[in-house]
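Next up is a structure, given as structure tokens.
The values are calculated or read from the model by the stated rules, or taken from the named source; none is laboratory data. Quick caveat, the model's predicted, so the values are computed rather than measured. Quick reminder, even Gly has a Cβ in these numbers, built from the backbone with ideal geometry, and neighbours come from all protein chains shown. Areas reflect the complete protein model, heavy atoms only, side chains present, ligands, DNA and RNA absent. Shrake-Rupley method; radii C 1.70, N 1.55, O 1.52, S 1.80 Å.
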Amino acid sequence: MASAQSTAETTAQHRAGHGARLTVDLSAVTANWRRLAAHAPQAECGAVVKADAYGCGLAAVAPALWRAGCRTFFVAHLSEGIAARALLPEAAIYVLNGLPPGGAEAFRAHALRPVLGSGEELAEWAAATQGASPAALHVDTGMNRLGLRVEEALALSGDPVIARAGIDLVMSHLVSAEQPDDPLTAHQAEAFARVRAAFPHLRASLANSSGTCLADDARHDLLRPGYCLFGGNPEPGRANPMRPVVRLEATILQVRQVEAGETCGYNARWRAPAPRRLATLSLGYADGYPRSASNSGHALVGGVLCPMLGLISMDLIILDVTHAPEARRGGTATLIGDSLDIDTVGQAAGTIGYEILTGLGSRYVRIAIE
Ligand SMILES: *Cc1c(COP(=O)(O)O)cnc(C)c1O
């Protein structure tokens, strides 16, 4: 009892020393993963946990997903793969950015599977591993970013290099998955179906978050969702079926009154049209909140939507709390959470929720709840 209390006090003190608080709801991450897994029972549901699990913290997210039943993980870099391996000793971990020159030994040392994206990578991995270590083959069906061209891949059908490189998965990535009516999506699905048919003994993977909403036959054997596990909407324009994962709350440092005609913030980019009540929040662009949301973002105080005023500073944001009577020194403003979901916050900043998530900072207190 006493120790629980002192822990609570330490936590309160610890929190008071920081300007803001990020809460990551791990049970929401696993609920989102289970939802996708249940909706595609014929496919395995993996998880993309690159970029520190989309800013949510790999160390907490990866074991939670494993406990929920996820067995296949994707990261972008070898270094991320090494970090994931330390947390997930038994998982299959694929590294999307492929094999760097001379990297085979490091991949093997950590039992990581490169997603081989060119003939050169394929040959190098085959020579180094002789079929003893699994890997994936990335086929580019329209992104022109990573992966063998479709004709190049088709020409490898029946080629012994596929076995010598231990290929167990063939995959491609959608250009506009969140726009299901985009003809490019249908074109890619068709090209990938041809590739798949050329390698009938390999598992196939095409669907990212939005791709999980495609028809069954376009979802293939393994789903690769990232964004929607962390609360992003896989179908923009429709109600978001995913549970929100992150909540970002900042402390109110001061509340002040300004007269009509006064300005606030750097370069005086906002001028009061009438007397207003302002609150200054203890969080800025150095915490990952985008400066591009200046004069367009919002925060919630006591459930009231309050506009951000003027330019966002490095460590501070000014809010109009004229209509939020609860605003007071030591109070809390919610920057991400409730009606301010990550897609909405991204839009206000002229970007996408993905960038909001991956930009989440490390200066505030981070709390993982389960
Ligand atoms: C990032 C990434 C994903 C996950 O995409 P989401 O849209 O976040 O679900 C899947 N596949 C590849 C190749 C990726 O780079």
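For Val345, all conditions in the list (1) over 24 Å from the mean Cα position of the chain (by Cα); (2) of a type in the set (A, V, I, L, M); (3) open to solvent by less than 60 Å² (accessible area, probe 1.4 Å) hold save one; what is the number of the exception?
Only one criterion is unmet by Val345, namely (1).
Look at Ser296 and say whether it is assigned to a helix (DSSP H, G or I) and under 19 Å from Gly353 (Cα atoms).
no
OK, next. Only one of (1) within 11 Å of the ligand (Cβ to nearest atom); (2) part of a strand (DSSP E or B) fails for Glu249. Which number is that?
For Glu249, the failing item is (1).
Looking only at region 318-339, decide whether some residue is closer than 20 Å to Ala16 by Cα and in contact with a helix residue (DSSP H, G or I) (Cβ under 6 Å, 6 or more places away or on another chain).
Scanning region 318-339, I find at least one residue that is closer than 20 Å to Ala16 by Cα and in contact with a helix residue (DSSP H, G or I) (Cβ under 6 Å, 6 or more places away or on another chain), so the answer is yes.
Could we say that Arg243 is within 16 Å of the ligand (Cβ to nearest atom), basic (Lys, Arg) and either open to solvent by 20 Å² or more (accessible area, probe 1.4 Å) or touching a helix residue (DSSP H, G or I) at 6+ places or on another chain (Cβ under 8 Å) (or both) here?
yes
Of the residues Ala123, Ala53, which is of a type in the set (A, V, I, L, M) and either part of a strand (DSSP E or B) or away from the ligand (no atom under 16 Å from the Cβ) (or both)?
Exactly one of Ala123, Ala53 is of a type in the set (A, V, I, L, M) and either part of a strand (DSSP E or B) or away from the ligand (no atom under 16 Å from the Cβ) (or both), namely Ala123.
Residue by residue, here is whether (1) over 30 Å from Met171 (Cα atoms); (2) in the same structural domain as Val304 (by TED's automatic domain parsing); (3) open to solvent by 50 Å² or more (accessible area, probe 1.4 Å) holds:
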| residue | (1), (2), (3) |
| --- | --- |
| Cys213 | no, no, yes |
| Ala239 | no, no, yes |
| Ala250 | yes, yes, no |
| Cys264 | yes, yes, no |
| Arg277 | yes, yes, yes |
| Thr280 | yes, yes, no |
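Pick from region 176-191 the residues that are assigned to a loop (DSSP other than H, G, I, E, B) and among the acidic types (Asp, Glu): which of them is farthest from the ligand (Cβ to nearest atom)?
Asp181
If we keep just the residues of region 59-95 that are in a loop (DSSP other than H, G, I, E, B) and within 16 Å of the ligand (Cβ to nearest atom), which is farthest from Ser362 (Cα to Cα)?
Filtering first and then ranking leaves Cys70.
Is region 340-349 home to any residue that is without any contact (Cβ under 8 Å) to a residue 40 or more places away in the chain and part of a loop (DSSP other than H, G, I, E, B)?
No, region 340-349 contains no residue that is without any contact (Cβ under 8 Å) to a residue 40 or more places away in the chain and part of a loop (DSSP other than H, G, I, E, B).
Counting just the residues of region 192-222 that are in contact with a His (Cβ under 9 Å, 6 or more places away or on another chain), outside any helix (DSSP H, G or I) and within 14 Å of the ligand (Cβ to nearest atom), which one comes out farthest from Gly55 (Cα to Cα)?
Applying the filter and picking the extreme gives Ala204.
Restricting attention to region 53-89, and to residues there that are β-branched (Val, Ile, Thr) and open to solvent by less than 10 Å² (accessible area, probe 1.4 Å), which single residue is farthest from Glu355 (Cα to Cα)?
Per the stated criteria, the residue is Thr72.
List the number of the failed condition for Asp217; all other conditions in (1) in the same structural domain as Cys70 (by TED's automatic domain parsing); (2) crowded, with 16+ Cβ neighbours inside 10 Å hold.
Evaluating Asp217 over (1) in the same structural domain as Cys70 (by TED's automatic domain parsing); (2) crowded, with 16+ Cβ neighbours inside 10 Å leaves (2) as the failure.
Residue-by-condition table, conditions (1) open to solvent by 60 Å² or more (accessible area, probe 1.4 Å); (2) modelled with pLDDT under 95:
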site	(1), (2)
Ser6	no, yes
Gly17	yes, yes
Arg34	yes, no
Val48	no, no
